[in-house]
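The values are calculated or read from the model by the stated rules, or taken from the named source; none is laboratory data. Owing to the predicted nature of the structure, the values given are computational and were not obtained by experimental measurement. So basically every Cβ, Gly included, is an ideal-geometry build from the backbone, and we count neighbours across all protein chains shown. Note: areas computed on protein heavy atoms with side chains; ligands, DNA, RNA excluded. Shrake-Rupley method; radii C 1.70, N 1.55, O 1.52, S 1.80 Å.
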Amino acid sequence: GADDSKQLSKETREQLYSVILKSAHAVGVGAASVKEIDRRNILRATTVAMQRALDHLQAPPDQIVIDGLPVKHLGREHEAVVGGDALIHSIGCASIIAKVIRDRLMRRLALRYPGYGWERNVGYGTAEHRGAIDELGVTPHHRLTFTGLQFSLDL
């Protein structure tokens, strides 16, 4: 059932998340902070997050397959597959793990920062979220370099 996480319902992702964690040989999770993203740019911060995920594995993987284009500065040999989350089982599983963890984080942040609708929009730039930024301002968890936010802040 693993597929592009964006094509699955929240309930299905949650169910598959548990199955994946129980059956996977290893799972490594990495992240980059909002400050890192703003300082480095989203592409470099994504590369750092991938490196961190690989570093969190108990043993080095035999093969690294990623969704999208090759990552120039990953520092490890890898195969890149555009649309890989819908084509390659392990990428689909990684996509599900990443989205479930991120959505859970956003729901926790919604409790600390009510009014942005993060429990529903999980941080995506919906009309509700953009309206909340206009009304409430930004939090330490908003990327100031995000193009839509720059317009909202008149930067």
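Sort out for me the Cα centre separation of the range 16-52 from the range 62-112, rounded to whole Å.
That distance is 7 Å.
Under a no-solvent Debye model with one identical scatterer per Cα of the range 38-79, what's log10 I(q)/I(0) at q = 0.15, 0.29 Å⁻¹?
-0.36, -1.16
Given a Förster radius of 22 Å and the C-beta distance between K72 and A24 as r, what FRET efficiency does 1/(1 + (r/R0)^6) yield to the nearest 0.05?
0.20
Can you give me the P(r) profile for the range 109-150? Cα pairs, bins 5 angstrom wide beginning at 0, each as a whole percent.
For the range 109-150, the pair-distance distribution reads 5, 26, 39, 25, 5, 0.
Rounded to a whole number of µm²/s, how large is the Stokes-Einstein D of the range 1-49 at 4 °C and 1.567 mPa s, given Rh as the Kirkwood radius over C-alpha pairs?
Taking Rh from Cα pairs, D becomes 101 µm²/s.
Take each complete run of DSSP H in the chain, measure how far its Cα atoms stretch along the helix's own axis, and keep only those covering 24 Å or more with mean Kyte-Doolittle hydropathy at least -1.0; list them.
Membrane-span-like by this rule: 89-112.
Taking a temperature of 10 °C and a viscosity of 1.306 mPa s, what whole-number D in µm²/s does Stokes-Einstein yield for the chain with Rh from Kirkwood over alpha carbon pairs?
It diffuses with D of about 94 µm²/s by this estimate.
I'd like the carbon and sulfur percentage of the solvent accessible area for the chain, probe radius 1.4 Å, heavy atoms only, ligands and nucleic acids excluded.
56
Loop-only GluC sites (Glu not before Pro) in the range 27-95, please: DSSP not H, G, I, E or B, and at most 16 other Cβ atoms within 10 Å.
E77
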